[in-house]
Amino acid sequence: MISGNLIVITVVAAACAGSVAVAADMAKEYPGRPIRLIMPNAPGSSADTLGRIVALRLGEALGQLVVVDNRAGAGGSLGLEIGKNANPDGYTLITTSLSALTVSPHIRKGLAYDPMRDFEYVATYSRQAAVLVVYPGLPVKSVKELIEYAKARQGKINMASAGPGSTSHLNGTALMISGKFDSLHLPYKGGGPSTAAVVSGEAHWTMPSSAVVMNLVRSGWLRVLGHTFPQRSPLLPDMPTIAETLPGFKYVAISGFIAPRGAPKSILDKVRATVDRVVNTPGAREQLAAQGAEPVSLAPAEFRKFVHDELAEAGKLVKVIGLKAE
């Protein structure tokens, strides 16, 4: 005699087996049409450049177009909101905007997404340091010399940033706190204008992502004093860490792809495995290195934890600076 419980268990097991088979078929057939990649940054930005390097190679490996859809605005928050509301079928990916994921929740009222609740963390592809760069006419050639120069001229040295709450603003403020010196904050509308201000001498220093300024450093338009990786990097072999002067000082930005919550795990696993493979090819490594970035592959749980920890750290710094939600 077959019990009712056994029948229920058999039915559930069959249903689970069916679901697994369906998921496997979905992943096998994916992608059957072009993939949309929402880019929360403007065309030509460092994030856009890095994302396109990986998107092109991802599309080639999957045998399908990856169409970049730039949706800049509100410090990256607009693109993330659009991505959150997209169909979670695996055909929409979103390039991370670290500022929009970790800073915007602390400074923007009524944010339309929760960085921990509303997204699936899929794959990472690069990590970048922030770099401390100065106007070449400034008579300083090290982090220590900049600190001493600024202390002797408290309030007369200008720091450019990409705007209030930007990573260059937070990193620059963290440097001033750690080095115990002051600079007048000059906020600009984006990393391009703030970097240009230092090139021209309108501002004295800034701390953007390495991908923003490496070409300007190589061309002599900016002088670099140090980077925020915790240890020296083979990618930047002649560049000291800021931590060599200010122990414990570090900042690492990780770029990757996320997806709307509920996207099929089997498809996201396929995307992650493909991204991991293509970013570790010699051609991709060379292209990333030209932008001052290193390839990095984190498991989804590690990727999520990284963003979670950065969200907490950004909150502490926003509180210290006194930024108010708007």
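Segment Ala301..Asp238, full-extension length gain: 19.3 nm, with 0.36 nm per residue of separation and the alpha-carbon distance subtracted.
Considering only Glu302, Glu148, Glu29, the Gaussian network model of the chain with Cα springs below 10 Å gives its largest mean-square fluctuation to Glu29. Going Cα to Cα from Lys270, which lysines come in below 29 Å? Please leave out same-chain ones fewer than 8 positions away. Excluding near neighbours in sequence, the set is Lys28, Lys84, Lys305.
Centre-to-centre separation between the Cα atoms of region 181-201 and those of region 87-118: 27 Å. Separation of region 290-317 and region 139-175 by C-alpha centroid, Å? Region 290-317 and region 139-175 have Cα centres separated by 24 Å. A straight Cα-to-Cα reach below 18 Å connects Lys141 with the aspartates and glutamates Asp238, Glu244, residues fewer than 8 places away in its own chain not being considered.
Let a ≥ b ≥ c be the square roots of the eigenvalues of the Cα gyration tensor of region 244-319; is it rounded (a/c under 1.5), or, if not, prolate (a/b larger than b/c) or oblate? Verdict is oblate for region 244-319. Using only side-chain charges placed at the Cβ, +1 for Lys and Arg and -1 for Asp and Glu, the dipole size of the chain relative to its Cα centre rounds to 480 debye.
For a straight C-alpha distance cut-off of 13 angstrom, the aspartates and glutamates reachable from Lys250 (same-chain residues fewer than eight places away being disregarded) are Glu310, Glu313. When only the Cβ of Lys, Arg, Asp and Glu is charged (+1, +1, -1, -1), the dipole of region 88-227 relative to its Cα centre reaches about 520 debye.
Extension gain, Ser219 to Lys28: 0.36 nm times the residue separation minus the Cα-Cα distance gives 64.1 nm.
Counting charges near Leu222 (Lys, Arg +1; Asp, Glu -1) among other residues having Cβ under 14 Å from its Cβ returns a value of +2. In the full protein context, region 167-326 carries 46 Å² of accessible surface per residue, based on a 1.4 Å probe and ignoring ligands, DNA and RNA. For the set Lys151/Lys319; Lys109/Lys180; Lys156/Lys316; Lys180/Lys319; Lys109/Lys316; Lys109/Lys319, the pairs lying more than 21 angstrom apart at their alpha carbons are Lys151/Lys319; Lys109/Lys180; Lys156/Lys316.
The packing ranking of peptides 229-238, 285-294, highest mean first, is 285-294, 229-238, where packing means the average number of other beta carbon atoms within 10 angstrom of each residue. Put simply, when 153-166, 127-140 are sorted by average Cβ atoms within 10 angstrom per residue, most first, you get 127-140, 153-166.
The values are calculated or read from the model by the stated rules, or taken from the named source; none is laboratory data. None of these values were measured; they are calculated from a predicted model. When we count neighbours, we look across all protein chains shown, and the Cβ atoms used for this are built from the backbone with ideal geometry, even at glycine. Areas reflect the complete protein model, heavy atoms only, side chains present, ligands, DNA and RNA absent. Shrake-Rupley method; radii C 1.70, N 1.55, O 1.52, S 1.80 Å.
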